[in-house]
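Notes follow once the structure below has been shown.
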Amino acid sequence: MGISESILDEASLEKLEALNNEHVVSIVKKYIELCKPAKVTVLDGSDESLQYVRSLAKKNGEEKALKTNGHTIHFDGPQDQGRDLENTRILLSPGQKLAKSIVTQDREAGLKEIFGLMDGIMSGKEMLVKFYCLGPNNSRFSLLALQLTDSAYVVHSEDILYRQGYEDFKRLDGSSSFFHFVHSAGRLENNVAADVSKRRVFMDMKENRVFTINNQYAGNSVGLKKLALRLAIAKANHEDWLCEHMFLMGAHPPGKDRVTYFTGAFPSACGKTSTAMIPGQTIIGDDIAYLRPDKEGNAMAVNVEQGIFGIIEDVNPKDDALIYRALTTLRELIFSNILVKDSVPYWMGMGKELPKEGIGFMGSWKAGMKDKAGKDVLPAHKNARYTIRIGELENIDPKAEDPNGVPVRGFIYGGRDSDTSVPVLQSLAWAHGVFLGATIESETTAAALGQVGVRKHNPMSNIEFLTVPLGVYIKNHLAFGKKLKHAPRIFATNYFLKKDGRFLNEKVDKKVWLLWMEGRIHGEYDAIETPIGFIPKYDDLQGLFQKVFSRNYTQEEYEAEFSIRVVQLLEKMDRMEAVFRQEEGIPSQFFSELNSQRDRLKEALGKFQKDSITPSEFE
Ligand code: SPV
Ligand code: MN
């Protein structure tokens with residue numbers, strides 16, 4: 001097949017040939033020639049191939065074994081601890097446009113630059129060739145992905161996070177309908193990517209391929225995660241289904257024999273995984289979902305992944321009991337960028353005291369250490385994470401692998417907002433719900449490089465991944481609901497309201513909000529109509545807090561949380577008007593939702609003459 005047999009052994013050649021796919025062969029050949037690895041190994045997803053990668057990651061120093069069997073630690077470089085938005089660029093042909101917030105680059109110039117940087121980038125290293133399936137195997141939802149990388153950590157992560165796809169590639173029957181990803185960590189120093197200034201993540205939408213080099217942090221390096229998300233968003237929006245930055249879970253109201261499926265979009269580090277893992281419920285996925293209508297008019301959804309790459313900070317027995325148990329028991333698990341002492345992992349907020357020294361993401365760490373700016377060096381990075389399989393969790397939903405997906409009855413949009421929205425509300429209708437999702441605002445977090453705590457609009461928590469114009473994306477959402485006979489109810493949550501610098505809610509309170517939403521879908525709770533949507537009644541929440549936590553939820557708490565902050569909300573409407581007017585092709589229905597909400601808020605302000613209106617005043 002024209003690939004030099006000196007770098008590809010017989011077993012690897014056989015595995016390639018068995019696919020009967022000239023597109024796969026020509027891609028592998030092309031990047032062998034360009035990246036010039038010393039050796040190439042083709043992996044077919046067998047147990048033996050999984051073991052090969054686990055061992056390789058340890059052998060080449062990308063991972064180290066920890067005390068508990070199956071647990072390893074991987075470190076990314078100090079400057080490679082989050083997604084690099086600045087250097088993640090969508091290569092566009094002349095005349096194409098995207099949302100204002102997306103960094104783009106001329107396609108031809110971009111390809112020239114990246115191919116220049118990739119020339120010989122794998123010298124002396126081993127290229128791994130791997131096949132995956134995004135979504136359940138044998139499903140109409142799923143997409144296939146070919147991964148080439150010189151990082152065993154990347155393949156090891158993908159083996160935990162994604163379904164194997166070698167057999168699915170065989171069924172492609174020679175077709176070119178798959179994504180491909182070429183990654184190189186580049187030059188390594190102390191096992192971390194050294195050429196950070198040459199870090200590039202270039203997305204070539206035209207060829208459904210991504211090149212990502214000189215990085216290791218999974219959000220940059222793991223093709224199947226946020227790189228495939230970006231490619232799939234373009235595909236979905238051209239084909240009229242939804243590809244969303246959403247968890248997928250089943251809600252189980254106590255004492256009732258039913259399950260109600262929800263998807264939820266939250267910006268990174270805003271409580272998404274912990275919502276998908278609320279005790280007593282079942283999880284399907286925590287990050288990315290594909291949604292399509294079925295013949296009966298249900299919104300069906302699948303989890304694109306089979307694992308969790310979750311934030312570890314504050315995972316402790318009280319706030320995240322299920323994850324804490326998973327992280328402290330025997331299983332295959334990769335920790336990244338936490339603190340290690342005597343081969344034992346530690347992280348911030350784990351509910352026990354940390355050692356005074358150890359190895360962290362900056363190297364050797366000691367309590368009291370300061371950085372150049374005189375600030376304390378943290379023992380673990382705020383975006384430190386763990387990688388585990390969902391299938392091993394005790395709360396896995398029985399339909400997690402169903403190729404038909406599950407019927408979604410509720411969408412939840414969450415932001416990080418300290419002073420504007422209420423903890424939970426239901427939209428007035430589908431289009432109003434799309435408007436609520438599109439106008440999510442969130443304070444930036446450590447999941448992406450850059451300043452944290454800056455308030456930004458983040459439509460459907462997808463702003464960083466939008467590979468179609470914002471107008472096209474919103475139009476597609478509006479149209480999706482119209483196609484459905486059983487359109488999901490749309491809710492908005494905010495776990496981060498503060499008063500005098502302190503959070504108004506406990507982290508675990510989200511269970512009550514979820515059960516209220518679940519009950520609303522089944523017509524079990526009445527609600528109060530306000531200018532921004534339907535909010536819960538005090539008695540219902542009081543009953544739920546009592547039932548779930550045996551806690552007395554007071555009228556004062558309720559009023560502090562659920563009063564409608566009219567002035568702040570009106571300011572938000574102005575901010576939204578300004579950002580959305582800058583974008584091209586935003587559907588007029590979006591602006592009519594905005595104007596109607598603003599009118600309702602103004603009317604309330606005129607009627608009650610105060611900045612913040614208590615729920616009972618709307619009753
Ligand atoms: C996120 O930041 O939204 C994540 C982790 O899920 S990653 O995108 O991989 O950085
Ligand atoms: Mn995510």
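Listed by first and then second residue, the pairs linking a residue in region 287-300 that is in contact (Cβ under 8 Å) with a residue 12 or more places away in the chain to a residue that is within 15 Å of ligand 2 (Cβ to nearest atom) and open to solvent by 20 Å² or more (accessible area, probe 1.4 Å), with Cβ atoms under 9 Å apart and 6 or more places separating them unless they lie on different chains, are 287/273. Those helices (runs of 4 or more DSSP H) of region 547-619 in which at least 1 residues are among the hydrophobic types (A, V, I, L, M, F, W, C) and free of Cβ contacts under 8 Å to residues at least 40 places away in the same chain, considering only elements entirely within it, cover 566-581, 588-608.
Within this structure, residue 50 fails the test of being in contact with a Ser or Thr (Cβ under 7 Å, 6 or more places away or on another chain) and either surrounded by fewer than 20 Cβ atoms within 10 Å (Cβ to Cβ) or closer than 23 Å to residue 160 by Cα (or both).
Considered as a group, the residues in region 521-539 that are free of Cβ contacts under 8 Å to residues at least 40 places away in the same chain and under 32 Å from the mean Cα position of the chain (by Cα) include one that is least open to solvent (accessible area, probe 1.4 Å), and that residue is 525. When you check residue 287 against the structure, is it under 20 Å from the mean Cα position of the chain (by Cα), in a loop (DSSP other than H, G, I, E, B), within 16 Å of ligand 1 (Cβ to nearest atom) and closer than 26 Å to residue 129 by Cβ, yes or no? Criteria met by residue 287. For region 290-321: of the residues being outside any loop (DSSP other than H, G, I, E, B) and polar (S, T, N, Q), which is nearest to ligand 1 (Cβ to nearest atom)? Within region 290-321, the match that is nearest to ligand 1 (Cβ to nearest atom) is 303. If we scan region 226-241, do we find a residue that is within 16 Å of ligand 2 (Cβ to nearest atom) and not in a helix (DSSP H, G or I)? Checked region 226-241: no residue is within 16 Å of ligand 2 (Cβ to nearest atom) and not in a helix (DSSP H, G or I). In region 354-365, is there at least one residue being touching a strand residue (DSSP E or B) at 6+ places or on another chain (Cβ under 6 Å), of a type outside the set (Asp, Glu) and farther than 19 Å from residue 77 by Cα? Yes - at least one qualifying residue is present in region 354-365. Condition first: under 12 Å from residue 223 (Cβ atoms) and either β-branched (Val, Ile, Thr) or assigned to a helix (DSSP H, G or I) (or both). Now tell me which residues in region 130-171 satisfy that. 149, 154, 155, 157, 158, 161, listed by residue number.
Among the candidates 283, 323, single out the residue that is in the same structural domain as residue 436 (by TED's automatic domain parsing), in contact with a Gly (Cβ under 9 Å, 6 or more places away or on another chain), of a type outside the set (Ser, Thr, Tyr) and within 16 Å of ligand 2 (Cβ to nearest atom).
After applying the criteria, what remains is 283.
Looking only at residues that are under 30 Å from the mean Cα position of the chain (by Cα) and closer than 23 Å to residue 191 by Cβ in region 349-363, which one is most open to solvent (accessible area, probe 1.4 Å)?
Checking each candidate, the answer is 362.
Residues are listed down the side, and each one gets a yes or a no for (1) in contact with a Leu (Cβ under 6 Å, 6 or more places away or on another chain); (2) more than 21 Å from residue 34 (Cβ to Cβ):
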| residue | (1), (2) |
| --- | --- |
| 187 | no, no |
| 210 | yes, no |
| 218 | no, yes |
| 234 | no, yes |
| 242 | yes, yes |
| 246 | no, yes |
| 258 | no, yes |
| 263 | yes, yes |
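Filtering region 232-244 for residues that are open to solvent by 20 Å² or more (accessible area, probe 1.4 Å) and under 27 Å from residue 516 (Cβ atoms) leaves an empty set.
Residues in region 238-265 that are within 16 Å of ligand 1 (Cβ to nearest atom) and hydrophobic (A, V, I, L, M, F, W, C): 243, 246, 247, 248, 249, 265.
If I ask for residues that are of a type in the set (D, E, K, R) and more than 16 Å from ligand 2 (Cβ to nearest atom), which ones from region 51-93 would you list?
Correct list: 54, 58, 59, 62, 63, 64, 67, 76, 80, 86, 89.
If you go through region 80-100 and keep only what is assigned to a loop (DSSP other than H, G, I, E, B) and either within 15 Å of ligand 1 (Cβ to nearest atom) or of a type in the set (Lys, Arg) (or both), you end up with 80, 81, 82, 84, 85, 86, 87, 97, 100. When 397, 402 are checked against the criterion of being crowded, with 21+ Cβ neighbours inside 10 Å, at pLDDT 95 or above and closer than 30 Å to residue 164 by Cβ, 397 stands alone in meeting it.
Any chance region 230-237 includes a residue that's near ligand 1 (Cβ under 10 Å from one of its atoms) and basic (Lys, Arg)?
Checked against the condition, which is being near ligand 1 (Cβ under 10 Å from one of its atoms) and basic (Lys, Arg), region 230-237 yields no hits at all.
Screening 222, 259 for residues that are open to solvent by less than 10 Å² (accessible area, probe 1.4 Å) and away from ligand 2 (no atom under 11 Å from the Cβ) leaves exactly one candidate, 222. Pairs meeting the criteria (first residue in region 413-439 and more than 20 Å from residue 455 (Cα to Cα) and in the same structural domain as residue 567 (by TED's automatic domain parsing), second residue open to solvent by 20 Å² or more (accessible area, probe 1.4 Å) and of a type in the set (Asp, Glu), beta carbons under 6 Å, at least 6 apart or on different chains) are 431/593; 432/593.
Starting from residues that are hydrophobic (A, V, I, L, M, F, W, C) and not in a loop (DSSP other than H, G, I, E, B), keep the ones in region 259-275 and report whichever is nearest to residue 434 (Cα to Cα). The qualifying residue nearest to residue 434 (Cα to Cα) is 265. When you look at residue 197, is it in a helix (DSSP H, G or I) and assigned by TED's automatic domain parsing to the domain that holds residue 455, yes or no? For residue 197, the condition - in a helix (DSSP H, G or I) and assigned by TED's automatic domain parsing to the domain that holds residue 455 - is not met.
Name the residue that is modelled with the highest pLDDT, counting only residues in region 453-472 that are more than 16 Å from ligand 2 (Cβ to nearest atom) and within 26 Å of residue 310 (Cβ to Cβ). If we take residues in region 453-472 being more than 16 Å from ligand 2 (Cβ to nearest atom) and within 26 Å of residue 310 (Cβ to Cβ), then 457 is modelled with the highest pLDDT.
The values are calculated or read from the model by the stated rules, or taken from the named source; none is laboratory data. On a predicted model such as this, the values are computed, not experimentally measured, just so you know. Glycine also receives a Cβ, built like all others from the backbone with ideal geometry; neighbour counts cover every protein chain displayed. To get the accessible areas, we keep the full protein, side chains included, count just its heavy atoms, and leave off ligands, DNA and RNA. Shrake-Rupley method; radii C 1.70, N 1.55, O 1.52, S 1.80 Å.
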